[in-house]
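Have a look at the structure below before the remarks.
Every read-out reported here was derived from the displayed coordinates using simple, explicitly stated rules and does not represent laboratory data. Not measured: the values here are computed from a predicted model. As a convention, Cβ positions derive from the backbone with ideal geometry for all residues, glycine included, and neighbour counts pool all protein chains shown.
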């Protein structure tokens with residue numbers, strides 16, 4: 001089925017899109033436009049209980065249909081010559097009851113990709129109780145006509161959006177402004193990654209409309225294909241969600257012939273341990289030592305977005321992990337573009353070391369995970385950063401922990417500030433050579449490290 005495109009839309013009470021980029025995209029040579037997508041989407045039904053299978057070779061058949069109307073926020077280069085041919089289509093995460101997505105990637109903007117952020121689930125429009133902070137509440141004048149009856153239709157809506165952006169698009173209103181698109185890459189994080197896992201295993205073999213997938217902080221299990229009227233609400237579910245969160249259940253099918261990239265923190269590495277897959281010509285799996293699902297820096301950046309958009313977010317808890325995953329995502333975007341455009345495979349990275357039964361992460365004398373991707377905060381530490389939570393609730397589980405070394409320990413490790421900074425910068429440059437950091441990000445990391453020296 002085909003989506004109807006309307007727009008670009010403007011106006012509303014707020015006069016701007018929800019969760020828009022905080023970057024100066026005009027200075028970067030980009031333009032921002034928002035569109036409405038509408039049409040009829042199909043749901044799907046699992047055939048022969050295939051979703052219970054670990055191998056990911058899932059089969060579905062079309063089920064009920066429903067009309068929908070949603071929004072697509074697009075960033076594209078103003079100069080067609082600056083476009084690299086790739087559109088990154090984001091499956092907006094709605095776990096918190098409103099759209100979360102990464103429209104602040106310098107790698108995407110400076111590398112010439114177009115970025116399309118799709119509201120694709122019911123909670124993104126209607127919000128979640130008790131706060132109800134979805135699009136329809138945030139700006140009813142701009143978004144009041146939006147409607148998605150059930151998340152069951154999200155997979156087909158995603159397919160229709162990908163076709164609307166892709167090389168063979170045929171619509172009077174073009175969301176990418178006539179750019180010569182060669183590839184459409186899907187990206188999703190956390191809950192959205194689980195939905196993309198289901199899309200890969202069950203829908204991509206049928207539709208064949210995406211050219212690659214990036215799953216970030218993925219817990220190793222695909223989302224259900226049918227939920228009917230149910231909407232997951234972490235505000236009211238207590239620990240019921242986290243009970244099975246660290247139990248990976250399925251692998252990603254390996255017969256599609258397109259690049260698939262998973263990049264995980266230490267926390268999701270625990271969940272994915274029993275469904276780890278070997279790296280192949282079309283599959284990469286990265287896991288980063290010392291990180292967790294969220295970080296202090298990530299939550300601080302989100303808090304700034306909350307303040308601008310007047311959203312009630314969570315407080316930043318003390319001792320939350322302080323090694324952000326965001327810079328790893330930048331490296332992944334870089335490698336994915338080379339992978340789809342030039343068939344240059346990303347570097348294979350070491351995995352975090354586990355031992356015991358049940359398996360647990362092996363840690364060094366500082367309490368830091370052994371193995372895995374080594375960001376400079378891990379190799380030249382001033383704190384024990386890990387995915388070890390401070391409490392049993394879900395939010396604490398996602399935040400991990402950070403315990404700073406005392407001044408005496410830091411000075412015993414490095415002697416003086418100049419030696420520490422030199423070692424840290426060398427570790428950052430080594431991460432660049434290993435392909436897990438982009439050169440532009442080294443000065444930011446070094447500047448942050450300078451603040452960590454005692455006094």
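Quick look at the numbers
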item: Residues listed by number, region 134-168, amide nitrogen under 14 Å from residue 6 label point at 7 Å toward C-beta; result: 141-148
item: Label-point gap, in nm, between residue 247 and residue 314 - each point 7 angstrom along Cα→Cβ; result: 2.2 nm
item: Computed label-point distance, nm, for sites residue 357 and residue 406 using a 7 Å Cα→Cβ extension; result: 4.1 nm
item: Distance in nm between pseudo-label sites at residue 422 and residue 341 (7 Å out along the Cβ direction from Cα); result: 3.9 nm
item: Cβ-Cβ FRET estimate between residue 370 and residue 14, R0 fixed at 56 Å, reported to 0.05; result: 0.70
item: Cα-based convex hull volume of the chain per residue, rounded to whole Å³; result: 140 Å³
item: CD proxy at 222 nm, helix term only [per DSSP H run n ≥ 4: -39500 (n - 2.57); per residue of the chain; nearest 500]; result: -7500 deg cm²/dmol
item: Rotationally averaged projected area of region 263-303 (alpha carbon convex hull; nm²); result: 3.6 nm²
item: Calculated FRET value between residue 174 and residue 230, using beta carbons and R₀ = 25 Å, to 0.05; result: 0.10
item: Computed P(r) (all Cα pairs; region 380-440; 10 Å bins; percent); result: 21, 31, 34, 14, 0
item: Quotient of Cα Rg and 2.2 N^0.38 Å for region 141-220, N being how many residues it contains; result: 1.20
item: Share of pairwise Cα separations in region 296-433, more than 28 Å, in percent; result: 32 percent
item: Cα gyration tensor shape for region 42-165, rounded if a/c is under 1.5, else prolate or oblate; result: oblate
item: Prolate/oblate/rounded call for region 265-349, Cα gyration tensor, a/c under 1.5 rounded; result: oblate
item: Cα convex hull volume per residue for region 4-258 (Å³); result: 123 Å³
item: Debye-sum result for region 352-455 in log10 I(q)/I(0), which assumes one identical scatterer on each alpha carbon, at q = 0.13, 0.14 Å⁻¹; result: -0.55, -0.63
